[in-house]
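Read the structure below first, then the notes.
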Amino acid sequence: MVVLQHVVSDTCIPLGMYRRVSIDKALAGVKSSWREVQEQVKEQDEAIRYLAEHDHDLVRRGAVIVRDYCDNDTVASDPFIVRDDFEAMLRDLEAGVIRGILFLHSDRLARLVYDAARVTRIYEMHPDYIGRSVEGSVDLSTIEGRGMFVMQATMGNMEIGNIKRRTSRTNRRIAYKGAMHGAPRPFGWNEDRKTLHETEHPFLLKAIRAVPGGLKVGTFRRELMEFGYEPRKTKRSREGRREIQHSAAEAILTNPRNAGFRMYAPQDERRSAGRLWLPDYVVLDSEGNPVRGDWDSACTPEEYWACVNELKRRKDANKDGKPELHDTSSKHFLSGIARCGKCLTPMYPNPYTRGTANFERYGFRYACLNTHGGCGGVTRVGPPVDDLVESAFLLGTREGLGEAVEKARAEEIDETIYDSRLDEIAKEMEDVRQRRKDKRISMGQSLDAIEELETERAELQTKRGKLALQKKQKKLLSPDALADWKNLSMPERRTRLLQSIRSVIIHPVGRGKRWDPAFIEIVWHEEDAA
């Protein structure tokens, strides 16, 4: 809103003019679209001022434009979007700062019945107010004019609904064909959104492969910022670098396009559901297989589903009241893994007092804390314990941890065991459709059969994904997987450690005794015990 005049004589009527143009989404990406919008806004300004200066009734009554309300590039058909200048205009009308409004056409002022009702309410309370349109012959100061205004808004609302329905149908049809839909450039792809980015793709692929090995979304988020990625700019973005939200980082990892899959989520569902779990919106063909898009995939389907299933497992653990340790609590190797030798309560890092010799030398110790239900009777300097357990783990893993581990490694997990049944389900569903087409069964019978088969298919696909995740995680203990140990994040190291080590028991020692590794007991998983 721009103030054009502050002081108006008693013989003048202060008015506001309202202008609005929203960029046509069909022109998105066209360089001239923004310039065209600016020109249209300027044309509205000229048309409204011409009305104020040449309309005999307005000139006779001394109408003067003192406020300019302009919601440029803001749609009026979306109830979720607040038009700042429109709201300011209503407040000024109610307060009497202005005693009327001039606008180009009713659809520039209101395209929703609710907004039209708010405007007409003010004019019914103040029938002496001026409300005129340049086009459309709307005069809000009369009953007939307000009725016409509401009617035009109603018709506009119906038009919006029809457009949304047709757009949704078109987008769904495009999705099932696997064609790419217009959208901003996704992370990992070039501007054409089809070919892979030279530097972003390797970074994304590494993260997707690392999630089953323990990479946390929070860690990936920090790495994204260090990599230099910034969220897409919006109209209301603040200046300077913007923080990457946790949900945005998660969406990059779980985006179905990573595996080349097409997804479709209706706009209404996007808004009502809040944060969407994107894998649930993968488009499936008639046989239940994901529809492939016409772009280069960033990873294999197996790698994608392994990443997705691991993130889903973590979410389910939080929902069940068994939250996993967050990045803030797993910055230390044995946090929650070490246990007190007296009461078997998990032990957590506890910093030494700043300035003491132990603080300078070690930094922290593992302690059995009363606040976590422990006895408080055992503490041990942290870094030596970490080094001991890390060395034992790496040595044991590289040596195979005995015949039991060699046998376990030889056993391959077959995630394809459900494929034959999934193929049968696809054929059965096609048979049900054909029988319905031939009118051999009723619509109700066909729906019952299809829904039952769809439920079984979903369960088998979930089981298949879990097997793929287990196969992926089993490879984490191979010598090749541990070759890059020093470059792994702490959550990834802990995940690999927990594949072989169940717990680390820290037994109490007498006061004043020196560090002795004999009082540290490593409890291996039974299948890994030598």
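Per-structure values
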read-out: Subset of the stretch 117-134 (residues that are farther than 19 Å from G96 by Cα and within 43 Å of the chain's Cα centre (by Cα)); value: S133
read-out: Qualifying residues in the stretch 268-298 (those that are under 16 Å from A248 (Cα atoms) and among the charged types (D, E, K, R)) - the one modelled with the lowest pLDDT; value: R271
read-out: Residues located in the stretch 106-143, provided they are within 21 Å of A95 (Cβ to Cβ) and charged (D, E, K, R); value: D115, R118, R121, E124, D128, R132
read-out: Count - residues of the stretch 140-155 that are closer than 20 Å to P14 by Cβ and crowded, with 17+ Cβ neighbours inside 10 Å; value: 1
read-out: Out of A265, A249, sole residue that is surrounded by 14 or more Cβ atoms within 10 Å (Cβ to Cβ), under 15 Å from the mean Cα position of the chain (by Cα), closer than 25 Å to L224 by Cα and at pLDDT 70 or above; value: A249
read-out: Residues of the stretch 113-144 classified as at positive phi and touching a residue at least 24 places away in the same chain (Cβ under 8 Å), total; value: 1
read-out: Pair list, Cβ < 6 Å and 6+ apart or interchain, from the stretch 1-30 residues that are closer than 19 Å to A110 by Cβ and charged (D, E, K, R) to residues that are surrounded by 13 or more Cβ atoms within 10 Å (Cβ to Cβ) and at pLDDT 70 or above; value: R19/V41; R19/Q44; R19/C70; R20/D71; R20/R108
read-out: Members of the stretch 418-446 that are of a type in the set (A, V, I, L, M) and surrounded by 13 or more Cβ atoms within 10 Å (Cβ to Cβ); value: L422, I425, A426, M429, V432, I441
read-out: Positions within the stretch 77-111 being β-branched (V, I, T) and either part of a helix (DSSP H, G or I) or surrounded by fewer than 19 Cβ atoms within 10 Å (Cβ to Cβ) (or both), in sequence order; value: I81, V82, V97
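The values are calculated or read from the model by the stated rules, or taken from the named source; none is laboratory data. Quantities reported herein were computed from a predicted structural model and do not represent experimental measurements. As a convention, Cβ positions derive from the backbone with ideal geometry for all residues, glycine included, and neighbour counts pool all protein chains shown.
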